[in-house]
Structures are given as structure tokens and as C-alpha cells.
Amino acid sequence: MSCSRYWRSICRRSCSHPPTRASNEQQVLHLRHLRHAHHDRDQLDENVRLGHRHARRQQLDVELGRLHRRWRLQRRRPQVSVSAHRPAGIHLLADFHGIAAGLLLSCETIDALLRQAALAAGATILHGHFHSFGPRQGVTGVLLLAESHISIHTWPEYGFAAADIFMCGDAQPQLALAIIDAALAPSSRSIQTISRGAAATTRKVQ
């Protein structure tokens, strides 16, 4: 009920009885108290509404500040893109056992064997260096390739040789391994194949 309708209803009820001086004073006093009570109630309602609005405004300010801080952090953080790439090359580690000692003594023999293996794999030979540790001693050497390298170390006293074949690009290190294995004719062998760079990722900071 609006205030004007309320006051009109009060006035109608007051006029339905014959007025007296005492009753008029009581009605005036009563109406004054009612008016103050309604004013206080309306003021309280307004304060409550303002309080809710103020609390909501504070909540919105907090949320807005949080969003601004998150946005500033994202701008400062470097952008990182992750992309996979194919393996850089194939790395073969071979241990040969049970080799005839005479096949592991000569630098010239080992040099020629590694060159034959590199050519069979389709690799490009850049330079070779081999060293013998003396009569009846082993040989160590490396063949540098445009695609990487082939290296070998021999122990004739044990009939053992360790070869390391790493090639990238279109070269096929398995073919080089097959040539070395056929020439040394070991009684047993242990081969490890490593895809260098396989399942790796490149991270670029923008």
C-alpha cells in the first residue's frame, strides 16, 4: 500500500466517529508517531538496499582486480610453442664378441672396413684417423662423416670390438653395421638402437 492511500484510510477511519478534543489530540499524536515510524522504516529499508549495493560493489571490485592481475601476468609470461620433429638420426651401439684376433690388429684393415661400411650406408666420408697401440695390441679409430661418424675400439686379446655408428639424414646406419658384422664374423653380438631426438620437442619462446 502506498503512503498516500495509507494516510487516506487513516483519515477516513478517524472521521467515522464524532471528534472530541481529547480524541483529536490523541489522533494527531498517534498519526505523528505513525508518520515517524513509517519514515524510520523507509529509511531503514533504503539503508539496507544501499548496504547490499555497497557489498555487491565491493565484491565486483575484488573480482575485477583479480581479472586485471591475471591479465597482466599472462602478458608478462613468454608465449611458448611446442612442436614435435622427426629424429635427428639413428645411433647404433654394437658390442662384438668372439672375433679372431688377427682381424683386430691392423689400422689399415680397420680403416678400410669402416670406409666400406660408410659407403654402403650412403654416407659421405670427410676424414679418418686410426691409432694402433703397438704390436699385438688393439686399434682405436674414427671415421668422420658429413652425416656424423663411425668409431671403433678393438681388444684382440679378448676377441672383442665396440663400434659406434651414428648417422643422420638419408644415410642408413644399419647397412654399415651389416658390413662390419659380416667382416668381423663375431660369435655373438649386442646391438642397441637409439633414435636421437625421437619424441623430443622444440620449445620456441616468442
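The values are calculated or read from the model by the stated rules, or taken from the named source; none is laboratory data. Keep in mind that what you see is a predicted model, and the values were worked out from it rather than measured. Glycine gets a Cβ as well: all are built from the backbone with ideal geometry, and neighbour counts include every protein chain shown.
Would you point out the residue of the stretch 161-170, among those that are modelled with pLDDT of 95 or more and surrounded by 18 or more Cβ atoms within 10 Å (Cβ to Cβ), that is farthest from the chain's Cα centre (by Cα)?
Among those that are modelled with pLDDT of 95 or more and surrounded by 18 or more Cβ atoms within 10 Å (Cβ to Cβ), it is A161.
Can you tell me which residue in the stretch 185-206 is surrounded by the fewest Cβ atoms within 10 Å (Cβ to Cβ), limited to those that are of a type in the set (S, T, Y) and at pLDDT 90 or above?
Looking at the filtered set, the residue picked out is S188.
Mind checking whether some residue in the stretch 124-139 is among the charged types (D, E, K, R) and surrounded by 13 or more Cβ atoms within 10 Å (Cβ to Cβ)?
No, because not a single residue in the stretch 124-139 is among the charged types (D, E, K, R) and surrounded by 13 or more Cβ atoms within 10 Å (Cβ to Cβ).
Residue by residue through the stretch 156-193, note down the ones that are among the acidic types (D, E) and closer than 26 Å to S132 by Cβ.
E157, D164, D181
With a cut-off of at least 1 residues that are touching a residue at least 40 places away in the same chain (Cβ under 8 Å), name the strands (runs of 3 or more DSSP E) lying wholly within the stretch 98-183.
Qualifying strands (runs of 3 or more DSSP E): 148-155, 160-168.
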